[in-house]
């Protein structure tokens, strides 16, 4: 279908093909695949196995648009085995059993081997994945699973252990530009009827976050919506490219790896006292649509876990920020989150309180629960004295509001304040009280 009226003497115009540009430009051979040299480069194990048709069960793991399905289809064209495909979205246990039964039958009857490609294998339930296991284990078929999710979290351990896992990386900008230039000139692509500035292609490669499919889709939209020049050639600049992309795509799905990786980088940057990195990761989460309340809750946890008494104001600020975010919402909540994030990142750090409670919990879990000393037990009822619940000394009656008495029948030390921030003051105070205890003990001896 022609999108523009031809003028005499003009070249043919770009047309909307029967398939999207990304599908038409899908590589047909290993040599046509751009990127992923870490697994497909010369002499790499996976490449050698594919070329020798000695492929075993594999899991291809990586973000959208990095070439997982493409690689599976290249394997299908390279192998002499029967190739079947299905999807974790469409297949159920009955469909799987039918495919697996047929593969087992073919192997027994005539020795024909089968490769079963399952796209989005992470969408299968545990029971569906269990169906695959005996067929993979017996060698009745070779499994190729593709997933955007970390297979160590979303695929059964027995299935993982019987498969080789290959992680595909997002394509770098240079590789994306190469893919786009190929699409401009290839007969299956835009057939030399569209040209673009290098600036426009580089911008497209940058904003598409390593996703070749999204880059090609945006290029096609720009080509099909930009009127041709006098010579019939469609000329794309950065302006047309930006219009075709609209908003930058950030790899950040709420139930996938980048969600957990980004919040991990955020927390570790605050803990590591790098406010610039922390604000960057926070901005990425907000740009991608993360719930600001989730970020605020993590800051509250961090304020106690990683800052603690080194700056007790950190927890107060974090809680206030969480409440403010709840009240005001986005986009203004970003300012409150930025204030809390930069303060906590810049604050002195201590995990002493966090270590203290975990050490105490460990003692309780693995040891005998200590009885409460009688002088600390409740003595505000009739008959308490008869039970021996007496002898407590009121701390405020002592000098410096301190009296030396046993508060727990253990010599374990759980809280070890650091010399960071306000905790250094706490440390000095505890050392002073401990010196009073030692002095009294020495006097009594």
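The values are calculated or read from the model by the stated rules, or taken from the named source; none is laboratory data. If you're wondering where the values come from, they're calculated on a predicted model, not measured in any experiment. Ideal geometry is used to build each Cβ from the backbone, glycine not excepted, and the neighbour counts take in all protein chains shown.
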Study note, to complete from the structure: The lone condition residue 70 fails out of (1) in contact (Cβ under 8 Å) with a residue 40 or more places away in the chain; (2) within 23 Å of residue 162 (Cβ to Cβ); (3) assigned to a helix (DSSP H, G or I) is (2)
Exercise for review: Return the only residue of 336, 369, 316, 341 being at negative phi and in a loop (DSSP other than H, G, I, E, B).
Suggested key: 369
Point to revise | Residue among 150, 92, 156 that is touching a residue at least 40 places away in the same chain (Cβ under 8 Å), touching a helix residue (DSSP H, G or I) at 6+ places or on another chain (Cβ under 9 Å), surrounded by fewer than 20 Cβ atoms within 10 Å (Cβ to Cβ) and on the phi < 0 side of the Ramachandran plot | key: 150
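Give 143, 133 a once-over and let me know the one that is at pLDDT 90 or above, in the same structural domain as residue 89 (by TED's automatic domain parsing), part of a helix (DSSP H, G or I) and touching a helix residue (DSSP H, G or I) at 6+ places or on another chain (Cβ under 8 Å).
133
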Exercise for review: Collect the residues in segment 380-401 that are more than 25 Å from residue 437 (Cα to Cα) and assigned to a loop (DSSP other than H, G, I, E, B), keeping them in residue-number order.
Suggested key: 380, 381, 382, 383, 384
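Out of 273, 269, report the one residue that is outside any helix (DSSP H, G or I) and touching a helix residue (DSSP H, G or I) at 6+ places or on another chain (Cβ under 7 Å). Before you say what the answer is, go through the steps one by one.
Details: 269 fails: outside any helix (DSSP H, G or I).
From the options 273, 269, the qualifying one is 273.
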**Study point:** Scope segment 216-228; condition within 30 Å of the chain's Cα centre (by Cα) and more than 10 Å from residue 244 (Cα to Cα); matching residues
**Key:** 216
Review point. Quick one: in segment 282-317, which of the residues that are buried (at least 22 other Cβ atoms within 10 Å of the Cβ) and under 14 Å from residue 339 (Cα atoms) is farthest from the chain's Cα centre (by Cα)?
Key: 314
Study note, to complete from the structure: Going through segment 403-415 in order, the residues found to be surrounded by 14 or more Cβ atoms within 10 Å (Cβ to Cβ) and modelled with pLDDT of 85 or more are 414, 415
Practice item. Select from segment 252-266 the residues that are at pLDDT 65 or above and in contact with a helix residue (DSSP H, G or I) (Cβ under 7 Å, 6 or more places away or on another chain) and list them in ascending order. Key: 262, 263, 265, 266
Check your understanding: Taking segment 197-216, which residues are under 18 Å from residue 33 (Cα atoms) and in a helix (DSSP H, G or I)?
Key -> 205, 212, 213, 214, 215, 216
**Study point:** Complete set of residues in segment 100-134 that are closer than 18 Å to residue 156 by Cβ, in contact with a strand residue (DSSP E or B) (Cβ under 9 Å, 6 or more places away or on another chain) and surrounded by fewer than 18 Cβ atoms within 10 Å (Cβ to Cβ)
**Key:** 123
Exercise for review: Those residues that are surrounded by 16 or more Cβ atoms within 10 Å (Cβ to Cβ) and either farther than 19 Å from residue 226 by Cβ or touching a strand residue (DSSP E or B) at 6+ places or on another chain (Cβ under 7 Å) (or both), I need them from segment 196-214; list them, please.
Suggested key: 196, 200, 209, 210, 211, 212, 213
Practice item. Specify which of the listed residues (75, 95, 55) is in a loop (DSSP other than H, G, I, E, B), assigned by TED's automatic domain parsing to the domain that holds residue 122 and touching a strand residue (DSSP E or B) at 6+ places or on another chain (Cβ under 7 Å). Key: 55
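Does residue 396 fit the bill of being under 30 Å from residue 358 (Cβ atoms), out of contact with any strand residue (DSSP E or B) (no Cβ under 8 Å at 6 or more places or on another chain), loosely packed, with under 13 Cβ neighbours inside 10 Å and at pLDDT 80 or above? Even if it seems obvious, please write down each step before you answer.
On the way: under 30 Å from residue 358 (Cβ atoms): no; out of contact with any strand residue (DSSP E or B) (no Cβ under 8 Å at 6 or more places or on another chain): yes; loosely packed, with under 13 Cβ neighbours inside 10 Å: yes; at pLDDT 80 or above: yes.
In short, no.
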Review point. Has segment 333-341 got any residue that is touching a residue at least 24 places away in the same chain (Cβ under 8 Å), within 23 Å of residue 425 (Cα to Cα) and touching a helix residue (DSSP H, G or I) at 6+ places or on another chain (Cβ under 6 Å)?
Key: no
